[in-house]
Amino acid sequence: YIDEVFIAGHGKLYQNDGRHRVSPTEGFGTGGLLHGKKHMLSLTWNAPIEAFTREGDFFEGKDVDAVYMPFHKLNEFIGLTRLPIFTCNDVVKNPQVEQYFADYQAHLKKVFG
């Protein structure tokens, strides 16, 4: 899917990969055409937050941004800037719906004013 979108998006999403023949090892990922635009992920996980933050747990102490790094880099390739992620954790085993709504409103206010 991503390959199809990127092939169709050439000239619309990105001009090139950002490198030049003069210095072919520099500038990769800087040819995007969507500079000045941003992206934000809003995610739900059944995993508790500790699965990310606790060393030795499932995500080995890596936060959600690290888990989504390939997605972030894909968006950076086309010129988008990353906004802070919003997550709701433990949504199946320990749902806290009212708290999720309150946290999301606070997140939106913090990110967008």
Using protein chains only and a probe of 1.4 angstrom, how many square angstrom of I7 are accessible, to the nearest 10? 130 Å²
Sorted by accessible area with a 1.4 angstrom probe, largest first, how do E98, E60, E50, E4 fall? E98, E4, E60, E50
R82, R21, reordered so the largest accessible area comes first (probe 1.4 Å): R21, R82
Share of the chain's accessible area from carbon and sulfur, percent, 1.4 Å? 57 percent
From phi via Karplus (6.51, -1.76, 1.60), per-residue ³J(HN,Hα) for the range 62-79 in Hz, x at Gly/Pro: 8, 7, 4, 4, 5, 5, 9, 3, x, 5, 4, 5, 4, 5, 5, 4, 8, x
Dipole check, the chain, charges on Cβ (K,R +1; D,E -1), about Cα centroid: among I2, A102, Y14 the Cα furthest to the positive pole belongs to Y14
Give the ranking of F71, F28 by solvent-accessible surface, highest area first, calculated with a 1.4 Å probe. F28, F71
Per residue solvent-accessible surface (Å²) - the range 23-69, probe of 1.4 Å: 66 Å²
Reported to the nearest 10 Å², D63 has, with a 1.4 Å probe, an accessible area equal to 80 Å²
For S42 the rounded accessible area (nearest 10 Å², probe 1.4 Å, non-protein molecules ignored) is 70 Å²
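The values are calculated or read from the model by the stated rules, or taken from the named source; none is laboratory data. Quick caveat, the model's predicted, so the values are computed rather than measured. Cβ coordinates were reconstructed from backbone atoms using ideal geometry, including for glycine residues, and neighbour counts include every protein chain displayed. Protein only, heavy atoms only, side chains kept; ligands, DNA and RNA dropped before computing areas. Shrake-Rupley method; radii C 1.70, N 1.55, O 1.52, S 1.80 Å.
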